[in-house]
Amino acid sequence: MDIAILSVSLNVHSTSRIAEEAQAAGHYVELIDHTKCSVKLGDGKPQIYLGDENVTNEFDAIIPRIGAKVTRHGAAIVKQFEMNNVFSTARSLGITRARNKVRTLQIMARKGIPIPDTVFSINPDNIEEQIKLLGGLLLLSSYRKVPKA
């Protein structure tokens, strides 16, 4: 199987380990720096380019390793591979949703997955009410031993 790892570098330990294991399993693996990819839209089927090389149909699967600073662009590249029927280990929608922690918690709560009590607000004027919603302040001394003087 021909696999592209979408990452900015193989110097990232987790990315290099994924590449090593895929190669050990007999797969061809290529690092594709998704930040250097472009999507050409217009006449015909959309194409994915790495520089001037068309990589649209070069891979059977992709493994996205999209950094937080380039989520939108990375997710767009992943989406284009998906639209060209390339298998992805992480879907573009999942990547985008996972970057929004409140949205992730909302989805988990809707699906009945237990989450810690959480308050989301941008209003600093009612911080005391927000703390009360979470059960109030806990005394630090009840959670650690304070040395006696």
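The values are calculated or read from the model by the stated rules, or taken from the named source; none is laboratory data. As the structure is a prediction and not an experimental result, all values here were calculated from the model. Cβ atoms come from the backbone with ideal geometry, glycine included; neighbour counts cover every protein chain shown. Each accessible area value is taken on the protein alone, full model and side chains, heavy atoms only, with ligands, DNA and RNA left out. Shrake-Rupley method; radii C 1.70, N 1.55, O 1.52, S 1.80 Å.
For this structure, a couple of remarks:
- Looking only at the range 40-63, residues that are open to solvent by less than 20 Å² (accessible area, probe 1.4 Å) and under 22 Å from residue 23 (Cβ atoms) come to 4 in all.
- Pick from the range 89-102, criterion open to solvent by 80 Å² or more (accessible area, probe 1.4 Å) and without any contact (Cβ under 8 Å) to a residue 24 or more places away in the chain, ranking: nearest to residue 3 (Cα to Cα): 91
- Pair list, Cβ < 6 Å and 6+ apart or interchain, from the range 118-131 residues that are touching a residue at least 12 places away in the same chain (Cβ under 8 Å) to residues that are of a type outside the set (D, E, K, R): 118/105; 119/130; 119/133; 119/134; 120/102
- Per this entry, residue 134 is counted among residues that are under 32 Å from the mean Cα position of the chain (by Cα), modelled with pLDDT under 85 and more than 30 Å from residue 80 (Cβ to Cβ).
- Residue satisfying all of: in the range 1-35; of a type in the set (Gly, Ala, Ser), over 23 Å from residue 48 (Cα atoms) and within 18 Å of the chain's Cα centre (by Cα); surrounded by the fewest Cβ atoms within 10 Å (Cβ to Cβ) among these: 14
- Cβ pairs under 8 Å, 6+ apart, first in the range 8-20 and within 20 Å of residue 69 (Cβ to Cβ), second hydroxyl-bearing (Ser, Thr, Tyr) and in a loop (DSSP other than H, G, I, E, B): 15/7; 15/9
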